[in-house]
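Here the structure comes first, spelled out in structure tokens, and everything after it is commentary.
The values are calculated or read from the model by the stated rules, or taken from the named source; none is laboratory data. All figures in this text were calculated on a predicted structure; none of them were measured in a lab. Ideal geometry is used to build each Cβ from the backbone, glycine not excepted, and the neighbour counts take in all protein chains shown.
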Amino acid sequence: MSTHELYTIPVEHRTWDVGMQGAARFTWEYDDGRDRLLSLYQKGKDKQWDATTRIDWSVEVDPHNALGLPVEVIPIYGTSQWDRIAGDQKAIDELTLHMTAWQFSQFLHGEQGAMICSSRIVESVPDLDSKFYAATQTMDEARHAETYARFLQEKIGLVYPINPYLKSLLDDTLTDSRWDMPYLGMQVLIEGLALAAFGLLRDLTSSTLPKQILAYVMQDEARHVAFGRMALKDYYAQLTSAERAEREDFVVEGCYLMRDRFQMEEVWQNLGFDVAACAEAVEQSEMFRAYQSLLFSRIVPCVKDIGLWGEKVQKAYADMGVLDMAGIDLSALMRADEDVAEQIDAEKAEIAASAVAVSETIAVGADH
């Protein structure tokens with residue numbers, strides 16, 4: 001089956017062609033390298049995994065409530081738009097199905113964007129140690145896109161097109177000729193926001209398969225954000241005031257695009273809701289506001305750490321209500337991401353060992 005048959009909204013069969021600018025850079029220095037970055041590269045090699053074998057795809061998923069979340073988390077819950085479907089379980093099931101399809105579709109499209117951006121970094125970054133690590137990230141992102149595509153195709157059965165806000169930021173990131181912009185647009189903004197979204201769903205969901213997928217993807221993404229921080233912090237310390245101001249403008253514009261990315265306008269429109277009323281309900285929802293602000297928990301401290309912390313950036317974050325997130329310990333969050341993935345692996349191994357022990361006991365009993 002073609003993925004195009006699963007799209008809820010028709011999409012073009014032709015590719016989206018983005019004209020890329022800038023140079024492909026070779027370096028003849030093969031010995032020089034930053035120890036921290038080479039250590040991250042080694043970790044990237046050591047932590048490669050296979051989505052076919054590490055994830056238990058035999059786990060059943062209810063596509064109408066794939067994440068196992070209560071209806072109260074739906075942003076329009078309790079509003080006049082919710083009253084249209086309250087008490088109609090079939091309509092509620094359809095809405096939750098489309099919300100999950102939309103959310104994981106954006107994860108999927110973002111991962112393809114990350115794969116292209118990281119391959120662009122391999123091409124354009126001047127340092128060999130950065131090229132080495134970005135090469136491992138390109139493989140990571142391919143695996144993530146493979147994973148989300150399989151989840152949508154086999155377990156959900158619906159796919160949404162790329163959100164226009166995400167598409168716009170990807171376009172801005174890839175068409176910029178400066179080698180550091182794929183880092184800034186992808187590693188800091190898109191990946192940072194996605195990492196927070198993955199984490200919220202990973203911690204909220206009671207469903208085994210989505211939890212595995214999100215935890216394993218996050219284990220990789222934590223390294224990717226660390227990579228962007230290392231490379232950009234070194235480079236941005238050398239920028240002129242004018243060059244730094246240009247990147248701060250990009251950060252502000254990108255953050256507003258990312259903030260608006262999660263309003264799910266396509267879902268409301270596709271299911272016949274009043275889009276304007278739903279958008280207003282989403283903006284006024286206390287739960288969604290908390291969710292939206294938490295989405296910036298990975299971006300704000302990273303932007304501050306790499307040195308893009310001028311008045312315009314701080315004002316934008318104050319306007320979004322996320323300025324106080326600048327003090328979050330990113331390293332602690334990333335260690336926790338790794339721990340959750342390893343804990344899931346340990347639990348799976350324990351269950352598998354228990355199943356083997358039961359089978360052996362049964363076999364012994366049968367022999368007697």
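Mind checking whether some residue in region 81-89 is touching a helix residue (DSSP H, G or I) at 6+ places or on another chain (Cβ under 7 Å) and closer than 19 Å to residue 192 by Cβ? No: region 81-89 contains no residue that is touching a helix residue (DSSP H, G or I) at 6+ places or on another chain (Cβ under 7 Å) and closer than 19 Å to residue 192 by Cβ.
Rundown of residues vs (1) farther than 24 Å from residue 97 by Cβ; (2) among the acidic types (Asp, Glu); (3) at pLDDT 90 or above; (4) in contact with a strand residue (DSSP E or B) (Cβ under 6 Å, 6 or more places away or on another chain), yes/no style:
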| position | (1), (2), (3), (4) |
| --- | --- |
| 202 | no, no, yes, no |
| 219 | yes, no, yes, no |
| 222 | yes, no, no, no |
| 246 | yes, yes, yes, no |
| 256 | yes, no, no, no |
| 276 | no, no, yes, no |
| 282 | no, no, no, no |
| 304 | yes, no, yes, no |
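Screening region 114-149 for residues that are in contact with a helix residue (DSSP H, G or I) (Cβ under 7 Å, 6 or more places away or on another chain) and among the charged types (D, E, K, R) and picking the one that is nearest to residue 29 (Cα to Cα) gives 129. Within region 308-318, the residues that satisfy the criterion of being surrounded by fewer than 22 Cβ atoms within 10 Å (Cβ to Cβ) and in a loop (DSSP other than H, G, I, E, B) are 309, 310. Would you be able to say whether some residue in region 159-167 is over 17 Å from residue 101 (Cα atoms) and buried (at least 22 other Cβ atoms within 10 Å of the Cβ)? No: region 159-167 contains no residue that is over 17 Å from residue 101 (Cα atoms) and buried (at least 22 other Cβ atoms within 10 Å of the Cβ). Within region 238-284, the set of residues being of a type in the set (Phe, Trp, Tyr) and either farther than 17 Å from residue 312 by Cα or in contact with a His (Cβ under 9 Å, 6 or more places away or on another chain) (or both) comprises 262, 268, 273. In region 72-115, the qualifying residues are those that are of a type in the set (Val, Ile, Thr) and within 23 Å of the chain's Cα centre (by Cα), and the one that is surrounded by the most Cβ atoms within 10 Å (Cβ to Cβ) is 100. Kindly establish whether residue 230 is under 11 Å from the mean Cα position of the chain (by Cα) and either surrounded by 21 or more Cβ atoms within 10 Å (Cβ to Cβ) or in a helix (DSSP H, G or I) (or both). No, not satisfied. Hey, does region 319-340 have a residue that's assigned to a helix (DSSP H, G or I), among the charged types (D, E, K, R), more than 26 Å from residue 47 (Cα to Cα) and at pLDDT 95 or above? No; the residues of region 319-340 include none that is assigned to a helix (DSSP H, G or I), among the charged types (D, E, K, R), more than 26 Å from residue 47 (Cα to Cα) and at pLDDT 95 or above. When 84, 120, 54 are screened for being modelled with pLDDT of 90 or more, of a type outside the set (Asp, Glu), over 17 Å from residue 153 (Cα atoms) and touching a Phe, Trp or Tyr at 6+ places or on another chain (Cβ under 7 Å), only 54 passes.
The residues of region 123-158 that are part of a helix (DSSP H, G or I) and of a type in the set (A, V, I, L, M, F, W, C), listed by number, are 128, 132, 134, 135, 139, 142, 145, 149, 151, 152, 156.
Could you tell me which numbered condition residue 242 fails, if it satisfies all but one of (1) of a type outside the set (Asp, Glu); (2) part of a loop (DSSP other than H, G, I, E, B); (3) loosely packed, with under 14 Cβ neighbours inside 10 Å? (2) is the only condition that residue 242 fails.
Taken together, the criteria place residue 317 among residues that are aromatic (Phe, Trp, Tyr) and over 17 Å from the mean Cα position of the chain (by Cα).
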